[in-house]
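The values are calculated or read from the model by the stated rules, or taken from the named source; none is laboratory data. The structure presented is a predicted model; accordingly, all values stated were derived computationally and were not measured. No Cβ is skipped: glycine too gets one built from the backbone with ideal geometry, and neighbour counts run over all protein chains shown.
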Amino acid sequence: MISIQDVHKEYIDGETHVHALRGVSMEIEQGEFLSIAGPSGSGKTTLLNIIGCIDTADSGDVEVDGERLSSRTFKELVEIRRNKIGFVFQNFNLIPVLTAYENVAMALSLLGLPEEEIRERTMSILGEVGLEGMEHRRPAKLSGGQQQRVAVARSLVKEPRIVLADEPTANLDSVTGEAILKLMKDMNRSHGTTFVFSTHDQMVMDYADRLCRLHDGLVESDERQVAHQTV
Amino acid sequence: MKRKPDLPRHGQNTQPEAERTSQSAGKHTEGTEPRRPGRRRASARFFLRLALKNLSRYRRRTAVTATAIAMGVAAFVAMDSLLVGFGNEGERNLANYEVGSAAIAAPGYWDDRDRFPLDNPVERPEEFLAELDNAGIPAAPRTSFRGEVIVRYDPYPEDGSSPATFHGIDPERDPAVFNFDEAIVEGRFPVPGEDEILISKWLAERLGAEVGFPLTLTTRTRDGYRQLMDLDIVGLYQTSNPTVDRSHLFLPLETADEDLEMRGAVTTIHLRLPEQVPGTADLGPVEQLLRETGRFAGLRENGNGGGDQDAATTEDPVTLLSFGQMTQEFAEFMELEHAGSDLILFLLAIIAVVGISNTMLMAVLEREHEIGMMRAMGVHKREITRLFSYEAAVIGLIGALGGIVLASIVNWFLVTNGVNFGQFLEGTEMDLRFDGILYGVWNYGTMVTAAIFAAVLAGVVALIPTRRILRRKVADSLRHG
């Protein structure tokens, strides 16, 4: 459902001209649990941003769920993100003045759903991620792991086609990080949502069904593997 | 939440790619989900709630900005209150002590007003007075002229003279139009036919005059001859109109008529019409009345003394002067005052704009990463703009409401006690129609306008820093911080 063909991307960082992607091609199927690994500067975040429609390729073709992104207007890309793509960030990126419930419900409020449906779906997903009873807590009252669970819930509540996670365990200890990974794996299985990670964390790589390594903006390797199974 | 149906395992999508692509392409030709009705309302409600919650993030900054707005609003409302009070007081004093509601005069007289001419009077005023009496309209004939007051040592402290304005008044009719009878502080009002005069307490103090003192005035008659009149001071008056107090003296009309050789003519006939606010009375009935006399030359037009073409043929024509026409200079003065207050309002707005934009700029810059996250989630630029505009507008509204409370307290004081400008006005040559104590007025329209203006201005000002951040790419904003 994600098709990337010969994508190039350059940007200017200060006075430096950075060629982040130098002709990346790959196909990602629906329901995959894919990890894009590589050292810093390999282009993995850039690739994720392009798939997530928050950046555009300089050349090449990107199709997400049948939508050719290069032919979409800026507003249409926003709508694609709104409806079809969920994000999980390294720094959780929860809105500090909103409760756990409100942070998750926000994704549904943007879709204009009725309040009752928002409530039902939000409470359900919070239960699924193990945060039942914590709906009214603000992020400051939640641990890192709990905040990331809220972020995962927020990304999934609108039933997106894809969830893009940029180093989701980077700010978590190994135990918590593994718990988050298990959660996302379970979500992948139960919802059939495609998960694409960018990471340089070996634990994350081990959980992936498919590991794609980038180096200097090119695909170095792309292999299916036996992933770490959740209990 | 429903469990999704089991999907084919990875790599086992059995649907041909071409079919899958065309299906997807057909379903999502626009790249968007179908819009749900009410989505815009629901999202607007969400952003308004979020904006209100965000205010708690910067309590101190919000409080400082709101306070600055409150003080600006309060200052504007207080200033407007005094200005309107000044205007109202001036108009009341003009109506009660100088012009009444309207006046009848000969065409061209008012344009020459500064000279107070006697050679262009209203002839046979009794014709108009009879009609006005029949119509129940209070009317006061006057003969107004310029001259000089002369006083001699003993009983006065020293010799002296002073230019002044004199009015020959009908002591029986004048109190129905003007309020001088109520302004007597010593002595009495003049009586018809006597050689006596009423002067202001202010003038009496400067001349060293008392009730009973003699006073000489020199002037020229209607025919241009020099005339000397010896009169006795019978009363002192004090009004709230310093322009009148400083140089206007009143003597019986019959005395003025005889000594000035007016031959029964008067310079003006002042009217008092039913009205809540000076200058708002309907002049129609008076116009009609004058037309029926056959001597009406029309309303005074552009200072030409009468616009009616029949003026030249009508014998001894008259024109009707409205309150607005007779007080044009005061109106122009008030316009200057309003221009001054508009300038102050502009400066206050600048201060509010700087305060709000600074607060919002800091808020936007501090939350750039959060803005990037929201945009990544699919929040449109316009929704983020709306969010910050709501925040700024609420700060503006809080400030405005605080300003109204503060303004109400200040205004209550102004309305009840007034502000005494007396010491600042002492010695000034300006024609100010109030006696130094200026009272405010309750102007609820201004309060509401100021509050709405502050909220709207705040919301608009927030657009500037917000748009600046929204020009950045989402990825760049996410990298920030």
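Quick notes
For every residue, the table says whether it meets (1) more than 7 Å from every other protein chain (Cβ to nearest Cβ); (2) farther than 24 Å from residue B:370 by Cα; (3) in a helix (DSSP H, G or I); (4) out of contact with any Pro (no Cβ under 7 Å at 6 or more places or on another chain).
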residue	(1), (2), (3), (4)
A:26	yes, yes, no, yes
A:31	no, yes, no, yes
A:35	yes, yes, no, yes
A:40	yes, no, no, yes
A:50	yes, no, yes, yes
A:61	yes, yes, no, yes
A:105	yes, no, yes, yes
A:108	yes, no, yes, yes
A:125	no, no, yes, yes
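- Considering the stretch B:352-386, the residues that are among the aliphatic types (A, V, I, L, M) and surrounded by fewer than 15 Cβ atoms within 10 Å (Cβ to Cβ) include one that is farthest from the other protein chains (Cβ to nearest Cβ), namely B:354.
- Of the helices (runs of 4 or more DSSP H) contained entirely in the stretch B:223-295, not one carries at least 2 residues that are of a type in the set (Phe, Trp, Tyr) and closer than 22 Å to residue B:183 by Cα.
- Criterion (buried (at least 21 other Cβ atoms within 10 Å of the Cβ), closer than 30 Å to residue B:386 by Cβ and over 18 Å from the mean Cα position of the chain (by Cα)) met by exactly one of A:77, A:48, A:21, A:110: A:110
- Among the residues of this structure, residue B:470 counts as one that is at pLDDT 85 or above, touching a Lys or Arg at 6+ places or on another chain (Cβ under 6 Å) and surrounded by 16 or more Cβ atoms within 10 Å (Cβ to Cβ).
Here's the yes/no breakdown for (1) assigned to a loop (DSSP other than H, G, I, E, B); (2) of a type in the set (Gly, Ala, Ser); (3) without any contact (Cβ under 8 Å) to a residue 12 or more places away in the chain:
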site: B:148; (1), (2), (3): no, no, no
site: B:161; (1), (2), (3): no, yes, no
site: B:164; (1), (2), (3): no, yes, no
site: B:168; (1), (2), (3): no, yes, no
site: B:172; (1), (2), (3): yes, no, no
site: B:192; (1), (2), (3): yes, no, no
site: B:209; (1), (2), (3): yes, yes, no
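- Failed condition for residue A:12, given (1) part of a loop (DSSP other than H, G, I, E, B); (2) farther than 21 Å from residue B:370 by Cβ; (3) at pLDDT below 90; (4) within 13 Å of chain B (Cβ to nearest Cβ): (1)
- Candidates are the residues of the stretch A:175-211 that are touching an Asp or Glu at 6+ places or on another chain (Cβ under 9 Å) and of a type in the set (Ser, Thr, Tyr); the one that is surrounded by the fewest Cβ atoms within 10 Å (Cβ to Cβ) is A:190.
- Check on residue B:222, over 23 Å from residue B:160 (Cα atoms) and in the same structural domain as residue B:119 (by TED's automatic domain parsing): yes
- Residue B:41 facing chain A (nearest Cβ under 8 Å), over 37 Å from the mean Cα position of the chain (by Cα), modelled with pLDDT under 85 and outside any helix (DSSP H, G or I): no
- Restricting the stretch B:427-461 to residues that are outside any helix (DSSP H, G or I) and modelled with pLDDT of 85 or more, the residue that is surrounded by the fewest Cβ atoms within 10 Å (Cβ to Cβ): B:442
- A count restricted to the stretch A:76-95 and to residues that are more than 7 Å from chain B (Cβ to nearest Cβ) and either part of a loop (DSSP other than H, G, I, E, B) or farther than 20 Å from residue A:140 by Cα (or both) stands at 8.
- Matching residues in the stretch B:311-330 - criterion: being under 31 Å from the mean Cα position of the chain (by Cα) and surrounded by 15 or more Cβ atoms within 10 Å (Cβ to Cβ): B:319, B:320, B:321, B:322, B:323, B:325, B:326, B:327, B:330
- Members of the stretch A:199-219 that are within 13 Å of another protein chain (Cβ to nearest Cβ) and either modelled with pLDDT under 90 or in contact with a Phe, Trp or Tyr (Cβ under 6 Å, 6 or more places away or on another chain) (or both): A:208, A:209
- Residues that are at pLDDT below 85, over 18 Å from residue B:78 (Cα atoms) and either of a type in the set (Phe, Trp, Tyr) or surrounded by fewer than 21 Cβ atoms within 10 Å (Cβ to Cβ) (or both) do occur in the stretch B:416-423.
- Filtered residues of the stretch B:169-197 (kept if closer than 14 Å to residue B:97 by Cα and among the aliphatic types (A, V, I, L, M)): B:169, B:176, B:177, B:183, B:184
- Residues of the stretch B:256-267 include none that is surrounded by fewer than 16 Cβ atoms within 10 Å (Cβ to Cβ) and within 29 Å of the chain's Cα centre (by Cα).
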